[in-house]
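Structure, as structure tokens:
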Amino acid sequence: MVSRRGRFGKYGDFKRKSLLRAQRSLPPKDTKIKTAKGQSPLPKTRYQPLPPQFSVREAHMGDMPFIRSLSLKAFQQYGPYEESIPAWQAYPSTITFMAARGIEPVGFAMIGPSFEKDSGVSELLAISVAEPWRRRSVGTMLLKAAEKRATTLGMKRMVLHTAVENLAAMGLFRKMGYREVKIKKGFYPAGQDAVMMIKELYPPVNP
Ligand SMILES: CC(C)(COP(=O)(O)OP(=O)(O)OC[C@H]1O[C@@H](n2cnc3c(N)ncnc32)[C@H](O)[C@@H]1OP(=O)(O)O)[C@@H](O)C(=O)NCCC(=O)NCCS
């Protein structure tokens, strides 16, 4: 058992360093690190350009092939959403946001007016992030952009549906303040049940 003063007693660190110097693990006490005049003794690091950051913008027609192909990958287990999602985009009230890394699209989110009872409710029709870019807050950025626009349009609430087994999506939505309101049996064309989730947009929680 080592005492409270440590293995090297009262002058612990001093003794420890002397011992290391004696064993040549440390340079002698007064050694100066030699550098050319005005140079830092730290090793020079090569300049690394920062990777382009993610940004969010509104979608245009040129984004449709990406949206279609990502919808196929992300939603084919639920039904033919690679057909439905581009078709929804054709409605004038639909707004689609694209997440991009530089100029490369990496995800999208689509909102439109909800068919639930009152007006003033926007629906998140779809959200997806390409697999390599998941868990980097891209989904969060897209959802925030969608909520912000819905709020600007005077919407008081956002609703959405997601498959009951879709834990990643539910994790995102819960983290963003959505709460489950009901289960809809056989909601998807392939038969899976959906959970309907809702968030009050006013007062804004994620400005
Ligand atoms: C759901 C989806 C859009 C999330 O996108 P994302 O960019 O990975 O999400 P974020 O990085 O912003 O994650 C935010 C939070 O969501 C939760 N989350 C995201 N992915 C998760 C996962 N695989 N498992 C558990 N929680 C997850 C976490 O709480 C996460 O916060 P953290 O990373 O600090 O833990 C993405 O997984 C996806 O495209 N899935 C396929 C399409 C889909 O299912 N869409 C939803 C139905 S419409």
**Message:** Please compare each pair in LYS144/LYS175; LYS156/LYS199; LYS73/LYS148; LYS144/LYS184; LYS156/LYS185 to a cut-off of 20 Å on the Cα-Cα distance and tell me which ones are over it.
**Reply:** LYS73/LYS148; LYS144/LYS184; LYS156/LYS185
**Asked** Which ordering of SER119, SER114 is given by a fewest-first count of other beta-carbon atoms within 10 Å?
**Response** SER119, SER114
**Asked** Taking K and R as +1 and D and E as -1, what net charge do the other residues with C-beta under 15 Å from the C-beta of HIS161 add up to?
**Response** +2
**Fill in**
In whole percents, the bins of 10 Å from zero upward hold the Cα-Cα pairs of region 54-200 as 12, 44, 39, 5, 0
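Under the rule a/c < 1.5 gives rounded, and otherwise a/b versus b/c splits prolate from oblate, where does region 133-207 land using the Cα gyration tensor?
Details: a/c = 2.23, a/b = 1.43, b/c = 1.56.
Judged from the Cα gyration tensor, region 133-207 comes out oblate (a/c at least 1.5, b/c at or above a/b).
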**Message:** Can you tally the net charge around PRO105? Count Lys and Arg as +1, Asp and Glu as -1, for every other residue whose Cβ sits under 15 Å from the Cβ of PRO105.
**Reply:** +2
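Throughout, read-outs are computed from the coordinates displayed, never taken from laboratory work. Computed from a predicted structure; not experimentally measured. Neighbour counts run over all protein chains shown; Cβ positions are idealised from the backbone, glycine included.
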